[in-house]
Amino acid sequence: MFLNLVSLAAKWAIPVILFTIVLLAFLRRVDVYEMFIRGAQEGFTTAIKTIPFLVAMFVAISVFRASGAMELFVRTVSPVTELFGIPAEVLPLGIMRPLSGGGALGITAELIKTYGPDSFIGRLASTLQGSTDTTFFVLTLYFGSVGVTRYRYAVISGLSADITGFIASVFICHLVFG
């Protein structure tokens, strides 16, 4: 019964929210279509302004991977991380995740393809993918689009959250999947 109720709520949540927004706008005499068009124009302008930031970030990520710097870093720190139960295979994912969601998803897919979705590495990769964020992508895109130039504390906070998510993922996966 409860699952049926949740399923019904999931099916109707978005239509109800959209109808409520339009109804409230109508009651307040707001021209919904005009506001939508204005927002779309602003969104397009924002997208154009963020392109240079995205290109710069993607070039930096490509150089980091193509130069072998990521592989060198992984080989250097893997003896230490193995002591904490962190497989060397997931270190590139941990490094890439704050930089690029697409790159991290590619690494996750490759790990799952190689080791299987039910392996410890596959489960850890999936948990890492869901427990961390693309910190530099978010900072580049959102802060760059609105012109924020002083975001030092945001970087520190975001990377701290990513490290915490990484450590928690390893801990939880060892706890649950052994």
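Every number in this text was worked out from the coordinates using simple rules, so none of it is lab data. Because the structure is a prediction, the values reported are computed rather than measured. Cβ coordinates were reconstructed from backbone atoms using ideal geometry, including for glycine residues, and neighbour counts include every protein chain displayed.
So that you can scan it fast, the table gives a plain yes or no per residue for (1) without any contact (Cβ under 8 Å) to a residue 24 or more places away in the chain; (2) under 24 Å from residue 172 (Cα atoms); (3) of a type outside the set (Gly, Ala, Ser):
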residue	(1), (2), (3)
68	yes, no, no
71	yes, no, yes
77	yes, yes, yes
89	no, yes, yes
97	no, yes, yes
107	yes, yes, yes
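Whether any residue in segment 15-30 is touching a residue at least 60 places away in the same chain (Cβ under 8 Å) and assigned to a helix (DSSP H, G or I) is what I want to check. Within segment 15-30, not a single residue is touching a residue at least 60 places away in the same chain (Cβ under 8 Å) and assigned to a helix (DSSP H, G or I).
For the subset of segment 94-144 comprising residues that are hydroxyl-bearing (Ser, Thr, Tyr) and touching a Phe, Trp or Tyr at 6+ places or on another chain (Cβ under 8 Å), which member is surrounded by the most Cβ atoms within 10 Å (Cβ to Cβ)? Only one residue tops the list, namely 132.
The set of residues in segment 109-158 being over 28 Å from residue 55 (Cβ atoms) and either of a type in the set (Phe, Trp, Tyr) or in contact with a strand residue (DSSP E or B) (Cβ under 8 Å, 6 or more places away or on another chain) (or both) consists of 115, 120.
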